[in-house]
Amino acid sequence: MSENLSRTPLYAFHVANGARMVPFAGWEMPVQYTGILEEHLAVRRTAGLFDVSHMGECRVTGKDAAVFLDRVMTNTMATIPVGMARYTILCQPDGGCVDDLIVYRLGPEEFLICLNASNAPKDIAWLRAQVGSSQVKIADECAQWGQLALQGPAAEAILSSLTSVKLDSIKRFAFVVTTVANVSECIISRTGYTGSPGFEIYLPAASATKVAEAILAAGKPHGLLLTGLGARDSLRLEAGYPLYGHEISEVISPIQAGLGWTVKFSKPEFIGREALKKQADGALPSSVVLFSLADRRIARQGTAVFAGDTKVGEVLSGTHSPLLNKPIGTALISSDALAKGNLTVDIRGNRIPLEISAEPFVK
Amino acid sequence: MSSLPSDLRYTKDHEWLRLENDGTATIGITDHAQAALGDVTFVDLPKVGATFAEHAVFGTVESVKAASDLYCPVAGTIVGVNAELNGSPDLVNREPYTGAWMIRIKLDNSAAAQALLTADQYKQLL
């Protein structure tokens with residue numbers, strides 16, 4: 001594999017546990033351990049442990065931190081209570097997405113932001129370029145943190161054996177700073193990217209392997225499996241969560257992506273507001289939809305969407321849903337064609353009707 | 001990984017072929033191929049009676065990760081397809097050399113199979 005790829009602190013752990021390593025967003029990451037289907041179903045039925053240490057982190061501190069974040073993010077930041085996290089988009093002036101993020105409020109003037117792996121350097125540069133005269137400091141902490149995602153109905157039982165925190169007191173999108181498996185200064189947050197209950201754990205990079213091994217040992221009796229990026233992708237698609245570069249991008253805005261709930265026009269000013277307001281008020285040229293197929297063939301990224309013989313869109317993500325046992329995906333489709341319906345995808349010469357789903361496949 | 005059956009012939013595209021006594025051949029994909037594909041979710045196979053040139057695409061095997069073309073190792077006419085794979089595509093992962101055979105083909109030229117790789121030659125490629 002290319003020598004330019006970064007490795008997470010868990011690289012040796014993955015190899016020792018039989019992972020198949022692949023390049024992803026500039027990182028050498030486990031795509032699977034035992035098999036994507038089995039790992040996917042483990043998260044739905046028991047638990048799965050993901051290494052997501054490739055994700056980036058930065059810390060925003062200072063007197064103006066909340067005001068600054070409100071000016072650059074689409075969602076409301078100043079109203080996040082300390083100890084809570086919020087999902088938001090970082091937009092360009094034209095409404096395209098720089099990234100999608102989770103912002104954790106550590107204190108009145110202190111925030112930790114989780115960044116997508118491939119976007120982390122771009123995001124930090126973008127944030128710094130917006131500072132102007134604001135009293136804020138933006139610290140790149142990507143190398144300091146490891147991240148684990150423990151997801152599935154058994155996640156709480158497994159994690160409770162490794163921490164003294166009462167996990168049932170951590171509500172959705174709440175977090176605590178605590179000790180996990182004798183490693184202090186970890187953040188446990190009730191967040192995730194799977195559509196199953198669970199936690200994300202931010203921890204000092206040097207202690208990531210120790211904590212992963214403790215979770216693996218505690219989880220084995222519950223049926224926990226190590227889970228890779230393959231399952232992570234099929235889980236997030238069943239749950240309807242966007243992936244940067246697919247459902248949202250520099251050319252697909254949060255309004256187009258169905259993430260209008262993250263865009264707070266009640267704020268008088270934020271980067272992208274004017275462009276996004278126009279999209280929200282007027283006719284959108286195209287929108288992102290979730291779909292399934294009554295077929296066995298998977299409509300993969302780039303597959304053309306047709307209305308009759310006219311190409312009206314393109315698949316953004318596609319996979320096999322282990323839960324539904326059929327292909328699912330997302331597509332960007334022109335608004336006119338969406339209103340008329342009767343859409344198909346062309347998979348190797350087979351025209352297959354697109355069944356558009358208004359709701360995610362798991363909630 | 002299991003050892004390669006020595007009675008089969010192989011291709012560099014990771015198909016295997018078994019010559020039957022009646023002049024037909026049975027074709028599937030190797031253990032190496034299924035392991036590289038990961039969990040197979042669908043096998044798209046041709047109809048009986050279809051004809052294929054050597055190295056023509058006779059079908060597609062779809063896994064969670066990717067769709068891969070299946071190449072016909074020899075020219076001929078399809079005389080049987082494995083309907084089991086429709087309901088149990090995961091047979092490709094579990095029994096690549098037995099239960100997950102894909103097509104039976106009547107060879108245009110019965111000598112064509114001799115040009116394919118032996119187990120030892122195929123092993124060199126892995």
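Each reported figure results from applying straightforward, stated rules to the coordinates on display, with no laboratory input. All figures in this text were calculated on a predicted structure; none of them were measured in a lab. All Cβ positions, glycine included, derive from the backbone under ideal geometry; neighbour counts span all protein chains shown.
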Amide proton proximity set for B:LEU70, modelled H, under 5 Å, gap of 5+: B:PHE58, B:GLY59, B:THR60, B:VAL61
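Set the Förster distance to 30 Å, then compute FRET efficiency between B:ASN109 and B:ASP13 from the Cβ-Cβ distance, nearest 0.05. Intermediate results must be reported in sequence, preceding the final value.
Values: r = 19 Å, r/R0 = 0.64.
Efficiency at R0 = 30 Å is approximately 0.95.
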Per-residue ³J(HN,Hα) for the range A:227-241, Karplus 6.51 cos²θ - 1.76 cosθ + 1.60, θ = phi - 60°, Hz, x for Gly and Pro: 10, x, 5, x, 5, 4, 6, 6, 5, 5, 6, 4, 7, x, 7
Whole-Hz ³J(HN,Hα) from phi, Karplus 6.51 cos²θ - 1.76 cosθ + 1.60, for the range B:67-77, glycine and proline x: 9, 10, 5, 10, 9, 6, x, 9, 6, x, 10
Estimated vicinal HN-Hα couplings, Hz - the range A:336-343 in sequence order (Karplus 6.51, -1.76, 1.60; Gly, Pro = x): 4, 5, 5, 5, 7, x, 6, 9
Net length gained if the chain between A:LYS363 and A:ASN350 were fully extended (0.36 nm per residue, minus Cα distance): 1.6 nm
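Local charge sum around A:ALA337 (other residues, Cβ-Cβ under 13 Å, Lys/Arg +1, Asp/Glu -1)? Walk me through the numbers on the way to the answer.
On the way: positive: A:LYS311, A:LYS340; negative: A:ASP309, A:GLU314, A:ASP336.
Once all neighbours under 13 Å are counted, the net charge is -1.
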Nonlocal amide H pairs with A:GLU57, under 5 Å, H built at 1.01 Å: A:LEU115, A:GLU141, A:CYS142
Reach of A:LYS326 by Cα under 28 Å, taken over lysines that are not fewer than 8 positions away in the same chain: A:LYS311, A:LYS340, A:LYS363, B:LYS47, B:LYS65
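Subtracting the Cα-Cα distance from 0.36 nm times the residue separation, let me have the gained length for A:LEU324 to A:MET84 in nm, one decimal.
On the way: separation 240, 0.36 × 240 = 86.40 nm, distance 3.31 nm.
Extra length from A:LEU324 to A:MET84 when fully extended: 83.1 nm.
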Under 5 Å, built H, 5+ apart or other chain: amide partners of A:THR8: A:GLU28
